[in-house]
Amino acid sequence: MERTSIDLWFGAFVTAGFVALMVLALKVGNAGAERAAEVYRVEARFDNIGGLKVRGPVRSAGVLVGRVADIHFDNERFQAKVTLALDSRYKWPKDTSASILTSGLLGETYVGLEAGGDDKVLATGDRITITQSAVVLEKLIGQFLFSKAQETPAAPAPAPAGATGAAPAKK
Amino acid sequence: MLDIRRPLGRLGHNVIDGVWRAGTMARFLWLVLASSGTSFSRFRLVMREVYFSGVLSLIIIIVSGLFVGMVLGLQGYETLQKYGATESIGVLVALSLVRELGPVVAALLFASRAGSAITAEIGLMKTTEQLTAMDMMAVSPMARVIAPRFWAGIISMPILSLLFSAMGVFGGYIVGVVMIGVDNGAFWSQMQAAVDFRYDVVRGIVKSFVFGIAVTIIATFEGYDAPPTAEGVSGATTRTVVTSALMILALDLVLTAFMLRSED
């Protein structure tokens with residue numbers, strides 16, 4: 001078959017497109033790094049998952065050890081049922097605890113795992129029983145204001161009842 | 001009383017004409033698909049058109065991609081600086097390019113660089129009765145002229161959009177890391193953490209694929225449908241660019257809405 005310059009240009013064009021795809025997949029994106037890992041799925045129930053999303057990270061000691069596979073609402077227990085896909089390179093004791101955490105004040109929500117001391121390890125279908133819900137900032141502020149308001153009557157100054165604990169207690 | 005009937009009549013005429021054209025275009029698309037066999041048995045025809053509409057668009061795509069990426073880097077830095085999150089500049093540049101700007105801007109450039117050329121070429125072939133001559137020689141102009149250009153556009157468009165995105169990220173890198181001095185490691189690692197291959201890159205490719213179909217079918221149809229006069233061909237070329245641009249942006253809205261909804 002005789003070659004033409006069109007063949008050369010077509011080949012160069014398609015090769016350039018392929019190189020661009022590789023750059024976008026490997027240098028810009030995260031292909032390859034994620035797919036390689038085998039996973040096993042465990043379940044955890046939380047009273048409140050805050051802003052957790054499907055595909056959100058599962059970390060332990062700050063290292064990515066899995067991803068959130070599924071989030072459902074359990075209508076019998078009125079809790080959130082979260083399925084975690086954990087990297088099968090890592091084994092976790094049966095009494096591992098899971099908590100909903102946030103990286104930084106505005107960062108993403110993730111599931112933090114903390115290992116227990118059990119000899120048996122978690123396997124597919126097991127449930128993490130010790131869980132801690134997300135901290136809701138509004139509740140925290142409410143509790144803080146409430147405890148401050150209870151402190152104020154101890155102060156000698158007759159504070160008006162309408163004033164909330166936000167005012168500094170005088171001594 | 002009599003005067004109001006004239007603009008109303010023209011409006012109605014335009015609406016009916018638009019619907020009519022849409023129907024004709026659907027039949028045209030079907031005809032192109034039905035006579036695509038030659039394009040694959042004589043693939044050289046398609047390769048030649050890929051050269052004309054894809055390879056020759058490379059310069060404008062690469063240069064525009066570089067500039068768009070650099071502008072995104074500069075603008076993003078201005079805003080991110082206020083929040084002390086300048087390392088996220090890589091995320092901003094890469095996500096906006098891969099998800100939106102790459103497919104859309106590349107398709108707009110493709111429509112004005114290659115789409116208009118396709119329309120003018122086919123329109124002129126029709127005006128000079130080359131298409132009729134082919135028909136007389138029992139060579140189907142659909143299979144010989146239209147279908148190769150259609151498939152060449154579908155092949156070229158995703159490649160051009162990928163190149164646009166890659167060059168844009170490189171432009172963002174030049175501005176962010178080389179010129180402004182954002183940390184190199186954080187630039188790439190945050191980008192890799194945020195850009196997902198399946199959810200961002202592949203969806204961008206799907207978008208550009210759809211845009212490629214839309215632009216080439218509009219360009220070939222307008223050329224094939226052009227009135228055989230100088231004025232008709234020029235009008236058809238204009239319509240190609242305008243209709244393609246509107247179609248690209250409207251389709252982008254629809255596709256994005258679908259893709260974001262299916263994410264949760």
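The values are calculated or read from the model by the stated rules, or taken from the named source; none is laboratory data. Since the structure is predicted, the reported quantities are computational estimates derived from the model, not experimental observations. Virtual Cβ from ideal backbone geometry, glycine too; neighbours counted across all protein chains shown.
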Exercise for the section: Residues being of a type in the set (D, E, K, R) and in contact with a helix residue (DSSP H, G or I) (Cβ under 9 Å, 6 or more places away or on another chain): count how many of those fall in the range B:240-261. Expected result: 1
Practice task
Write out, first by first residue and then by second, each pair whose Cβ atoms fall under 6 Å of each other, whose residues are 6+ apart or on separate chains, and whose first residue, in the range B:121-139, is basic (Lys, Arg) while the second is at pLDDT 90 or above.
Solution key: B:126/B:228
Completion exercise
When (1) away from every other protein chain (no Cβ under 12 Å); (2) of a type in the set (A, V, I, L, M, F, W, C); (3) crowded, with 16+ Cβ neighbours inside 10 Å; (4) over 15 Å from the mean Cα position of the chain (by Cα) are applied to residue A:16, the one that fails is (1)
Completion exercise
Here, helices (runs of 4 or more DSSP H) confined to the range B:1-95 with at least 2 residues that are more than 14 Å from chain A (Cβ to nearest Cβ) and exposed (fewer than 14 other Cβ atoms within 10 Å of the Cβ) are B:5-34, B:37-41, B:58-82
Problem - The listed residue being away from chain A (no Cβ under 11 Å) and among the polar types (S, T, N, Q), out of B:165, B:189, B:156, B:244 - result: B:244
